[in-house]
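Everything on this sheet refers to the single structure shown next.
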Amino acid sequence: MKFVLWLILFVLCWPLALLALILYPLIWLVLLPFRLLGIAVEGVFGLLRSIVMLPARLLGGRAGARDSFFVKPGGNHRPQSGFALWLEKAEMADALQPDRGR
């Protein structure tokens with residue numbers, strides 16, 4: 001789609017189309033450090049969130065903050081520790097595995 005738009009621009013105003021063709025990679029190179037900085041900042045915020053949430057998870061908090069918004073079918077949702085959630089997921093994953101010669 002971008003190529004078709006560029007072809008239309010080339011037909012209507014070829015100097016502007018050639019200028020855009022030359023400047024696009026240069027602008028991409030100028031903006032690349034900001035993109036890398038954004039990735040680094042996102043990683044730092046993720047690390048800080050993990051550090052802040054670690055005591056709650058070690059003391060039996062939920063595995064994720066969004067767990068409280070989801071209720072299991074049947075309406076009998078009870079708060080579980082992180083280990084209980086992990087065990088439940090492991091049992092579910094084990095139940096879904098095909099029987100390998102047992």
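The values are calculated or read from the model by the stated rules, or taken from the named source; none is laboratory data. From a predicted model like this one, the values you see are computed outputs, not experimental measurements. The protein model used for the area step is the full one, side chains on, heavy atoms only, and it has no ligands, DNA or RNA in it. Shrake-Rupley method; radii C 1.70, N 1.55, O 1.52, S 1.80 Å.
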Phe34 vs. criteria open to solvent by 60 Å² or more (accessible area, probe 1.4 Å), of a type outside the set (A, V, I, L, M) and at pLDDT below 85: no
Conditions (1) among the hydroxyl-bearing types (Ser, Thr, Tyr); (2) open to solvent by 90 Å² or more (accessible area, probe 1.4 Å); (3) within 26 Å of the chain's Cα centre (by Cα): number failed by Tyr24: (3)
Test result for Trp14, open to solvent by 90 Å² or more (accessible area, probe 1.4 Å), modelled with pLDDT of 75 or more and not hydroxyl-bearing (Ser, Thr, Tyr): yes
